[in-house]
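These notes concern the structure reproduced below.
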Amino acid sequence: MTLHMKSKIILTAMLMALPSALMAQQNIEKAFETLRSSDYQEETMSSHHVDKAPKTDVIEGMSDEYEFKIQKVNAASKQLITNIRNAFAKDKEAAYRVSSGTNGGAETYTSLAVGDGYGGGVAIGQMKDSKWMYACFLDPADKEQNHRYAYGFEWVEKDDGTIIGRLVKTYATTQKYRQSKRHLRSIIINGKNINVDDHGFSFSSGSPSDNSSVFDTDSVFFSHERNSELWLSEFNTYKNLFQKKPDGTAASHYATYIYKLCKKAKPLDDSEKNLVATEIKKLKAKTEDEFIQQLFDLSIEQLKK
């Protein structure tokens, strides 16, 4: 028996062993696994993060990302994409939220929250020219219905005939629960009103939808031009989060968001960019993770452009 066949048998056994209540998204799970184990595709990137409660070992947050490329596009390999789309259709009745769309190049995308949502999320629909979909399912093990699983899928059919795409799965509190715990207050920075919540996250009253920002995950992000005050406020938020747990499982999420900010640092003047670069060097010194260190180096390079 080959290793591939053993993996399928083990997966099937695990699925059959789960209670029916846990199988609301079984078609999506199976379709994801079928693609990941297929010889038609190749893995180009994958990451896995889990946060557990220290004493109970209960999972509080989780994210799985898998990027793939299909070079030999034929009827069989295209069926892998069709299978996933059909799986979302089959499981949608059990989901409390489903959404789909296309990316025509505009910077509008969706993020699937991880954990309490304050550490950011995993983007879906950010790939140029991609088609995307996601679905959220309540965790049946949570009797209070405050936690959910989210599944996201996006893919692009390239002009050269290849297909690239991403599979995403996250575990987090529901957006409704997070919003129920949020308390906003208004502060004034340089004469401008900035809304912040108890965690110090900023919400621009000038964005297309009030309280819509990079911190409202499981919802559509609206791209808006930040002024320097808002930019620095967002940077400071993620800097503080990273400093609290520089070696935690969410550290890469914080570092990645800082990098994204630095790629769009036009609102900053030279003195502000130097200030940010100095702070990033301090963050780099707090971690031994080589990937994060390189990400911080790239962030500083972006500030110089």
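The values are calculated or read from the model by the stated rules, or taken from the named source; none is laboratory data. Because the structure is a prediction, the values reported are computed rather than measured. Glycine also receives a Cβ, built like all others from the backbone with ideal geometry; neighbour counts cover every protein chain displayed.
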**Prompt:** Does any residue of the range 32-41 turn out to be modelled with pLDDT under 90 and among the polar types (S, T, N, Q)?
**Reply:** no
Residues of the range 47-79 being surrounded by fewer than 16 Cβ atoms within 10 Å (Cβ to Cβ), modelled with pLDDT under 90 and outside any loop (DSSP other than H, G, I, E, B), in sequence order, are 47, 48, 50, 52, 59
Contact list, first residue from the range 121-146 and at positive phi, second anywhere and of a type in the set (Val, Ile, Thr), beta-carbon distance below 9 Å, six or more apart or interchain, is 125/102; 125/108; 125/110; 125/220; 129/102; 129/156; 145/174
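Would you be able to tell me the number of residues in the range 119-148 that are of a type outside the set (S, T, N, Q) and within 17 Å of residue 100 (Cα to Cα)?
Within the range 119-148, the subset of a type outside the set (S, T, N, Q) is 119-125, 127-129, 131-144, 147-148.
So of that shortlist, the ones also within 17 Å of residue 100 (Cα to Cα) come out as 122-125, 127-129, 131-137.
Number satisfying all stated conditions: 14.
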